[in-house]
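Remarks on the structure that follows.
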Amino acid sequence: MTKKIESKSKAKPATQSVAATKPFAVPPFLKELLEAKAPTGHEYEAQAVVDKYVAKTAHEYRKDVLGNRIATLNPAAKTSVMFAGHIDELGLQISYIDDHGFLYFSCLGGHDLSIPSGRRVCILAKNGLVRGVTGKRAVHLMAPSERTKVPEVHEMWIDIGASSREDAEKRVEIGDVCVYDVGLDMLNGSIGVARAFDDRAGCYVVMETLLRLAKEKIEVRVDAVATTQEEIGVRGAQPAAQGLNPTVGIAVDVTHATDHPDADNRKFGRMTLSGGPAICRGPNITPKIFDKLVAAAKKAGLPFQIEADPRPTGTDARVIQVANAGVATGLVSIPLRYMHTPGEVVDLAVVEQCVQLLVEFVKSLKAGEDFAW
């Protein structure tokens, strides 16, 4: 929506529209999480952000050998809820350096191989960031039959301007990891674009929920977990859920917004970017938890959407549900466009709605509540 600008003088009429929405104030905690460079298995920068904002408020705060960050309120309560949001992101890992100093890589997590070519990257090397660019053979040097082909991983490389393998090895080592060199930008109002909304937005939600609940009177223990290595098989969430053995477990992740071109709702369902948190329903979800999440959204006056998933979800909820003797499980997701690209788009107003939803959900839990069905 734009404002109509009327001329009250003989000045020339305005030729540019003025956005009606005010600039959105991004919470500093979320902004720092989005700027952190933390590919899966190398989550150090994101861990440090969580440490900075959460450790002093939690009644208990610890880390484990998978790199998870676990913040707890009311540690003595027997009934408990675990929130999980993963802090890792997609990345690349250096696997080979050729004699000319070009770096070849493997993919950390599920990449669309049409994406990496021609991207600026940051390599997280021992002595600091090393900047480079991903390269492949230029279109001018391809036969017509080659121009529509998606390159394989071994047909791309990273150029750091090195003159030789020896020169490159002065700055990088085999096993170093890297991420795309892009950060957070706001597109319009509360709509933002970032490299790692998947799932720093979810991590922010679970930790911000704990920070707000620290000011409330609640009957249950709350464990907010920033989980690692989700992108390569929900690995951090599994030992966290086993160790905490919660009564209830809620994963917070992203899901596909399908309100853009080339998203057939008959195949992918209807999920809008700004339509509110997505509450999942399916075999991975305990029916009583789904009902309580919906009731919490209604009580708080929050918009919400229902997402159907007929199988174990591709989120931390998958392993939380089957930890130990089983956990009553739910999944709340943030609609996102262009998942697993450097340009993931999210409505930050929905991120805030997710926090409000989880706060209301926890306030509705009672000590000793039974979720068997």
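The values are calculated or read from the model by the stated rules, or taken from the named source; none is laboratory data. Quick caveat: nothing in here was measured; it's all calculated off a predicted structure. FYI the Cβ positions are ideal-geometry reconstructions off the backbone, even for glycines, and counts take in every protein chain you see. Ligands, DNA and RNA are stripped out before the accessible areas are found, and what is left, the full protein with its side chains, is counted by its heavy atoms. Shrake-Rupley method; radii C 1.70, N 1.55, O 1.52, S 1.80 Å.
Computed values, structure above
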item	result
Summed side-chain charge close to ALA58 - residues other than ALA58 whose Cβ falls under 15 Å, Lys, Arg +1, Asp, Glu -1	+2
The chain, accessible area per residue, ligands and nucleic acids excluded (1.4 Å, Å²)	48
Packing rank of 238-251, 196-209, where each peptide gets the mean count of other beta carbons within 10 Å, highest leading	196-209, 238-251
Rounded percent of accessible protein surface that carbon and sulfur make up, segment 159-262, 1.4 Å probe	42
Highest to lowest packing among 37-50, 182-195, scored as the average C-beta count within 10 Å	37-50, 182-195
Helix 44-54 vs. the chain, principal-axis angle (Cα, 0 to 90°, nearest 10)	30
Neighbour net charge for MET271 - beta-carbon separation under 15 angstrom, K R +1, D E -1	-4
FRET E, pair ALA295, ALA55, Förster distance 45 Å, beta-carbon r, rounded to 0.05	0.90
In Å², nearest 10: area of HIS340 left accessible to a 1.4 Å probe	50
Pairwise label distance in nanometres, VAL150 with TYR96, each label 7 Å out on the Cα-Cβ vector	2.1
Angle in degrees between helix 287-299 and the longest Cα principal axis of the chain, rounded to the nearest 10	90
Surface share of carbon and sulfur [accessible, 1.4 angstrom probe, percent] for segment 27-119	52
Size of charge dipole - segment 87-171 - debye, nearest 20, with Cβ of Lys, Arg +1 and Asp, Glu -1, no other charges	260
Segment 182-260: C-alpha gyration tensor shape, a/c 1.5 cut-off, then a/b vs b/c	oblate
Rounded, prolate or oblate (a/c below 1.5 giving rounded, otherwise prolate when a/b exceeds b/c) for segment 215-326 by Cα gyration tensor	oblate
Helical contribution to [θ] at 222 nm, DSSP H n ≥ 4, -39,500 (n - 2.57), averaged over the chain, rounded to 500	-7000 deg cm²/dmol
